[in-house]
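Accompanying notes for the structure given below.
The values are calculated or read from the model by the stated rules, or taken from the named source; none is laboratory data. None of these values were measured; they are calculated from a predicted model. Here the Cβ positions follow ideal geometry from the backbone for every residue, glycine too, while neighbour counts run over all protein chains shown. SASA here: full protein model, heavy atoms, side chains in, ligands and nucleic acids out. Shrake-Rupley method; radii C 1.70, N 1.55, O 1.52, S 1.80 Å.
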Amino acid sequence: MLKIKNLHAGIEGKKILNGINLEIKAGEVHAIMGPNGSGKSTLASVLAGRENFEVTGGSVELFDKDLLATSPEDRARAGMFLAFQYPVEIPGVSTTNFIKTAVNECRKYRGQEPLDAVAFLKMMKEKMKLVHIDQSLLSRSLNEGFSGGEKKRNEIFQMAMLEPKLAILDETDSGLDIDALRIVANGVNSYRNGENAFLVVTHYQRLLDYIVPDFVHVLYNGRIVKSGTKDLALELEEKGYDFIKNEVELTLNV
Amino acid sequence: MYEENENILDQVTSSEYKYGFVSHFETDDAPKGLSEDTVRFISARKNEPAWMLEYRLKAYRHWLTMQEPTWPNVSYPAINYQDIIYYSAPKQKIKANSLDEIDPELRRTFEKLGISLQEQKRLSGVAVDAVIDSISVTTTFKDELGKQGIIFCSMSEAIQEHPELVRKHLGSVVPPTDNFFSALNAAVFSDGSFCYIPEGVRCPMELSTYFRINAANTGQFERTLIVAEPGSYVSYLEGCTAPMRDENQLHAAVVELIALERAEIKYSTVQNWYPGDKEGRGGIYNFVTKRGICAGDYAKISWTQVETGSSITWKYPSVILKGDYSNGEFYSVAVTNNFQQADTGTKMIHLGKNTRSRIVSKGISAGRSNNSYRGLVQVARHASKARNFSQCDSLLLGDKCGAHTFPYIEVKNNTAIVEHEATTSKIGEDQIFYCNQRGIDTETAVALIINGFAKEVMNQLPMEFAVEAQKLLAISLEGSVG
Ligand SMILES: Nc1ncnc2c1ncn2[C@@H]1O[C@H](COP(=O)(O)OP(=O)(O)O)[C@@H](O)[C@H]1O
Ligand SMILES: [Mg+2]
């Protein structure tokens, strides 16, 4: 589904990603962990097509198409979703109206008819249950005055509404209490169906107790320095990132 | 919403100014330039009674003594008032009794404007008066309104048919001596709409006038007068468009509203005069005086305006709150793009006790345009317990445009409560990207964001026009982000 080869990227001349290689197949869940500033959000932004990041080398393919040559909106329409680490606020635009516009833009791209008000509402009602989100929140302006937890839940709700094939969750667990974490994780799990894939960026192994990954990768200085299974996350939790740093330095010194 | 957005998108991607066509029908013009003869020519063409001619001549003579105002935050080359045609009328029979009698070219004009008179008649139940260049072409629904004693006709017709009403009210809110442009208008106004709602009558439909400047080198000076007798209600909408021309054209209208005890007038404007091209060539100078008076207790006047057109807009729809417990509102969205300049706002003059006013102004600037809000809240010595709330928000697209706020407050009664809030914001790259990431392209995202920004004002518009106004906002800002 997604093939990242030797991806280099940066911003304003500063190098952040220094050769990322990663392949994600349908149905898989990949977790990316790594210390602050290692480039996790940058990777997510570059995949989603944020313009202020500059790709300086490598390639990315989504469904065998050159992702980097595709506009951000077409990436989204083709089935890529990013749950933002810091969702933005748009005053005056109701969350419902925003999502309806998004859903119908994506449908249009796939040659589907727009959903009418009734069908859209029905779909909303179903998905609202998944993430325990309230109607009253959805009538408010997009993310405006939402608590941290409400914003994150709204991201997962949008994911459920847009039904992406590849969802990138950027620290969706940060700032959530244990109940909210469980709700968000359940939302993600109930959306897993063997065909869609997830790239879950997180600091904490506790999320991975709920969303069980097939692979765990450690990002450090813009490179994936170690990959493994769920156990790698447990090891990290136990030993901290220093053990990775030491290992990396050891290999560099050899 | 989907269809709406799709429409916006289609129009945004295809659109330049959509109403820039010129229609070809024969016209009857006054000779270029302004003199007492011009004033007499206009009055004679319209078969006016002597008092009307006197009114005009007096205004003209006063105008000669006046100076064009220089205080607005706009700049433009001097206007040569001798280079303007002050009267231009389509030569066809002026009053069509039924829609079928209208010149086909004229009808095509309406269709291009998106107002099929037939359609309007059939579907929306909106009564329409249309003023092309200087002349009111048709007023639909007249009979139906007439049954309730409502008068809705062109100003020329009103002068003929209801001289006592016109004579009583014309100039009572905006006297010819009020300002340079109101004096000019009083001297040479050619037509406009007149509307009278009898006591206790709730007008059953939206009344609407479409103004259009068609002929070249022509000024448009229309005059609108609305009188709402005690306990009556009317909602009125005006729309404006003009062809694209390289030279500037002057539009100097006067609108007067009179609301008596417990009467309510809701006046909405969707102004889309040609704004000039991307280099700032051409466009309409829109110098307009609009004022209403809440003459009786508990009267209410509400102005809503969506201003997207004109190369220069100079306009301050105001309310004189004379009756106790009367209520004035001003809701405005002003969009400027490219080289447009807008200096617009309102005046709320509190004279009565327990009067209230509310001002919501949303300025959106893009390109190299300049957008100023200028507002005055005045509370007179005897106006105890007056209340005003003002909210002025500016949204900037890009960094070459300007937004300015000039709020003036003069309070002479210490029981008054006057509140003013102002914000300035920018459409952020992060907001656009967030939309893009959800599959929404940039143009649609901008439309979504500005409509959100302007929502409080757009919500005030009559349903029939809200969608049209939303599209207009998007079109006016085409290509200004990303
Ligand atoms: N917009 C930006 N401008 C400049 N530097 C940035 C920007 N965004 C991220 N960076 C830098 O890139 C590095 C990686 O950041 P980020 O991808 O956000 O890390 P993570 O998500 O792993 O914490 C950091 O050193 C950060 O300061
Ligand atoms: Mg991050």
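Points worth noting:
- Neighbours of A:LEU181, meaning other residues whose beta-carbon lies under 13 angstrom from its beta-carbon, give a summed charge of -1 when Lys and Arg score +1 and Asp and Glu score -1.
- Pairing chains A and B buries close to 2600 square angstrom of accessible surface in total, based on protein heavy atoms and a 1.4 angstrom probe.
- Counting only other chain Cβ atoms within 10 Å of each residue's Cβ, the peptide A:95-106 averages 5.
- In the structure shown, the pairs B:LYS315/B:LYS347; A:LYS40/A:LYS165; A:LYS3/A:LYS152 are assessed against 22 Å; a Cα-Cα span above that value is assigned to A:LYS3/A:LYS152.
- Across peptide B:439-447, the mean count of Cβ atoms from other chains lying within 10 Å of each residue's own Cβ comes to 6.
- With the simple spin-label model, which puts each label point 7 Å out from Cα in the Cβ direction, the A:GLU51 to B:GLU164 separation comes to 6.6 nm.
- Placing pseudo-labels 7 Å out from each Cα toward the beta carbon at A:ASN221 and B:LYS278 gives an inter-label distance of 4.8 nm.
- Averaged over its residues, the protein assembly as shown has an accessible area of 39 Å² per residue, based on protein heavy atoms and a 1.4 Å probe.
- Each other residue within a Cβ distance under 9 Å of A:GLY27 adds +1 if Lys or Arg and -1 if Asp or Glu, for a net charge of -1.
- Surface composition of the protein assembly as shown: carbon plus sulfur atoms contribute 48% of the solvent-accessible area (1.4 Å probe, protein chains only, all chains present).
- Between B:MET463 and A:LYS125, the C-beta separation translates, for a Förster distance of 25 Å, into a calculated FRET efficiency of about 0.40.
- For the protein assembly as shown, the dipole from Cβ point charges (+1 on Lys and Arg, -1 on Asp and Glu) about the Cα centre works out to 1140 debye, to the nearest 20.
- Around B:THR344: net Lys/Arg minus Asp/Glu count, Cβ-Cβ under 13 Å: +3
- Relative protection proxy for A:63-76, B:360-373, from highest mean packing down: B:360-373, A:63-76 (other beta-carbon atoms within 10 angstrom).
- Relative contact order, percent, chain A [alpha-carbon distance under 8 Å, six or more residues apart]: 27 percent
- Partner aspartates and glutamates whose Cα lies under 18 Å from the Cα of A:LYS151, excluding those fewer than 8 positions away in the same chain, are identified as A:GLU89, A:ASP134, A:ASP170, A:GLU171, A:ASP173, A:ASP177, A:ASP179, B:ASP430.
- Calculated FRET value between A:ARG110 and B:ALA422, using beta carbons and R₀ = 56 Å, to 0.05: 0.80
- From the alpha carbon centroid of segment B:371-410 to that of segment A:1-34 is 51 Å.
- Other protein chain Cβ atoms within 10 Å, averaged over every residue that makes up A:44-54: 2
- The protein assembly as shown: translational diffusion in µm²/s, Stokes-Einstein, Kirkwood Rh over Cα pairs, 25 °C, 0.890 mPa s: 86 µm²/s
- Estimated dipole of chain A in Debye, rounded to 20 [Cβ of Lys and Arg +1, of Asp and Glu -1, Cα centre]: 440 debye
- Mean-position separation - Cα centroids, segment B:56-73 and segment A:155-193, in angstrom: 67 Å
- In summary, the lysines within cross-link reach of B:LYS353, defined as a Cα separation below 23 angstrom excluding same-chain residues under 8 places away, comprise B:LYS266, B:LYS300, B:LYS322, B:LYS385, B:LYS412.
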